[in-house]
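See structure below.
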Amino acid sequence: MKRATKKFSQERLLGSGGYGEVYKGYLKDDTIIAIKCAKLGNTKGIDQVLNEVRILCQVNHRSLVCLLGCCVELEQLLMVYEYIPNGTLFEHLHGLHPGSQSELTRLRRLSIALQTADGLAYLHSSAVQY
């Protein structure tokens, strides 16, 4: 994962949140991936990552990103996801992504809301809680 992300270089950083950072990576076969790294020493973050792994191993839905693999045996937990191009939902909703419409139509916003609700409903009804 270090090689795929150029040693987790800042130029590969896609985003950062309360539980860790997400980096863009390239595998040897040129597959593009996203790698989430839990923050070191954050017990709550470790629990969050482990719960996310448990749930994502059980689900498959078109509105949810696919978990490709993970490593939970190292000091720093890693999760490997399929890479979704074209920026984040936040960037598109706020017109921050190059090429995104500065103003989304009501119909497009409704479509986004429906797809989001569909993914959340699927998670709520289909994922077995531990």
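The values are calculated or read from the model by the stated rules, or taken from the named source; none is laboratory data. These figures come from a predicted structure and were not determined experimentally. For neighbour counting, all protein chains shown are included, and Cβ atoms are generated from backbone atoms with ideal geometry for every residue, glycine included.
Is it the case, given these coordinates, that LEU78 is over 25 Å from LEU114 (Cα atoms), surrounded by 12 or more Cβ atoms within 10 Å (Cβ to Cβ) and of a type outside the set (Lys, Arg)? Taking the combined requirement at face value, the residue satisfies it.
ALA121: surrounded by 14 or more Cβ atoms within 10 Å (Cβ to Cβ) and either modelled with pLDDT of 75 or more or under 18 Å from MET1 (Cα atoms) (or both), yes or no? When the stated conditions are applied, ALA121 does not pass them. Going through (1) over 23 Å from LEU120 (Cα atoms); (2) surrounded by fewer than 17 Cβ atoms within 10 Å (Cβ to Cβ); (3) among the hydroxyl-bearing types (Ser, Thr, Tyr); (4) touching a residue at least 24 places away in the same chain (Cβ under 8 Å) one by one, SER63 falls short only on (1). Answer yes if at least one residue in the stretch 36-45 is assigned to a helix (DSSP H, G or I) and among the β-branched types (Val, Ile, Thr), and no otherwise. Among the residues of the stretch 36-45, at least one is assigned to a helix (DSSP H, G or I) and among the β-branched types (Val, Ile, Thr), which makes the answer yes. Could you go through the stretch 93-100 and let me know if any residue there is surrounded by 11 or more Cβ atoms within 10 Å (Cβ to Cβ), within 15 Å of the chain's Cα centre (by Cα) and not in a loop (DSSP other than H, G, I, E, B). Looking for residues that are surrounded by 11 or more Cβ atoms within 10 Å (Cβ to Cβ), within 15 Å of the chain's Cα centre (by Cα) and not in a loop (DSSP other than H, G, I, E, B), one finds none in the stretch 93-100, hence no. Residue check: is LEU40 within 24 Å of LEU89 (Cβ to Cβ), hydrophobic (A, V, I, L, M, F, W, C) and either at pLDDT 95 or above or surrounded by 11 or more Cβ atoms within 10 Å (Cβ to Cβ) (or both)? The answer is no for LEU40.
Within the stretch 60-98, the residues that satisfy the criterion of being at pLDDT 75 or above and in contact with a helix residue (DSSP H, G or I) (Cβ under 6 Å, 6 or more places away or on another chain) are HIS61, SER63, LEU64, LEU67, CYS70, LEU77.
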